[in-house]
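Right, one structure below, let's go through it.
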Amino acid sequence: MIGDVSPPVASIPVVEGKEESKKHQNLLPPFSKVFSHFGTSGVSVALATGVTHPLDVLKVRLQMQHVGQRGHLIGMAGTFLQLIKNEGARSLYLGLTPALTRSVLYGGLRLGLYEPTKISFDWAFGSTNVFVKIASGAFAGAFSTALTNPVEVVKVRLQMNPNAVPISEVREIVSKEGIGALWKGVGPAMVRAAALTASQLATYDEAKRILVKQSSLTEGFHLHLCT
């Protein structure tokens, strides 16, 4: 029509194209951020593992009491005293090397993968609601556990055998039981890690979002502490 000054229709897809291109460019966070998450999470989990490792050794010994046999079960205090008496105080740190290795890998991967997974889901489904955060945490936890399960198996074997050496134990497992033995128990471990990681990271992420929206807190130490 004469006098019509509305913008040409062709200009609309050009703007949309720019927005779509920008969305694709921002699909993943910067590598430095992912690496920072991996490093800080891995180191913190490793430190916690080093402090609590004796409790893990006791847990495994309690779980493996009288395997395939009947007998009177000993409690945690009795197991602790028996371990110190028969194998010495160093036995409380059996399997520490694979435990620390797994901590760095598992702790780093599950946090390092969470943000890229969440952003990928946002790109695919157009949302980062709480269900997307739960799914992202579940995937990060399950995948990290599947990848590090062989180290967990070796750790448990070392905790049960004070004379075992990590590399020798790996060779013995593979030669006698096959390489699949390194993934024993991976199913329940993945389910546990998926539930644990999803509940932890999704809760933290959602609580942080609410605090930023409803309070005067900004990104920093106080926001993380309150979250």
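The values are calculated or read from the model by the stated rules, or taken from the named source; none is laboratory data. Please read these numbers as outputs of a predicted model, since none were measured by experiment. Backbone-built Cβ (ideal geometry, glycine too); neighbour counts: all protein chains shown. Side chains included, ligands, DNA and RNA excluded: accessible areas come from the protein's heavy atoms. Shrake-Rupley method; radii C 1.70, N 1.55, O 1.52, S 1.80 Å.
For the subset of region 172-227 comprising residues that are among the β-branched types (Val, Ile, Thr) and part of a loop (DSSP other than H, G, I, E, B), which member is nearest to LYS155 (Cα to Cα)? Only one residue fits best here, namely THR227. For VAL51, the test of being part of a helix (DSSP H, G or I) and open to solvent by 40 Å² or more (accessible area, probe 1.4 Å) is passed. Applying a threshold of 8 Å to beta carbon distances and a minimum spacing of six or more residues, or different chains, the list of pairs starting in region 132-146 at a residue that is under 14 Å from ALA195 (Cβ atoms) and ending at one that is part of a helix (DSSP H, G or I) and aromatic (Phe, Trp, Tyr) reads ALA135/PHE121; SER136/TYR114; SER136/PHE121; GLY137/TYR114; ALA140/TYR114; SER144/TYR106; THR145/TYR106.
Every condition in (1) open to solvent by 50 Å² or more (accessible area, probe 1.4 Å); (2) at pLDDT below 90; (3) more than 23 Å from SER36 (Cβ to Cβ) holds for VAL174 except the one numbered (2). A Cβ distance below 8 Å, combined with a sequence gap of six or more or placement on separate chains, defines the contacts here; from region 41-62, residues that are farther than 29 Å from ILE74 by Cα and among the aliphatic types (A, V, I, L, M) reach residues that are assigned to a helix (DSSP H, G or I) and open to solvent by 40 Å² or more (accessible area, probe 1.4 Å) in the pairs VAL43/VAL104; VAL45/VAL104; ALA46/LEU100; ALA46/VAL104. Taking (1) touching a helix residue (DSSP H, G or I) at 6+ places or on another chain (Cβ under 8 Å); (2) within 20 Å of ALA194 (Cβ to Cβ); (3) hydroxyl-bearing (Ser, Thr, Tyr) in turn, SER120 satisfies each apart from (1). LYS59 meets the conditions (1) under 22 Å from ALA193 (Cα atoms); (2) open to solvent by less than 60 Å² (accessible area, probe 1.4 Å) in every case but one. The failed one is (2).
Contact map, region 202-227: first residue surrounded by 15 or more Cβ atoms within 10 Å (Cβ to Cβ), second residue modelled with pLDDT of 85 or more and basic (Lys, Arg), Cβ cut-off under 6 Å, separation 6 or more or different chains; pairs are ALA202/LYS133; ASP205/LYS133; THR227/LYS208.
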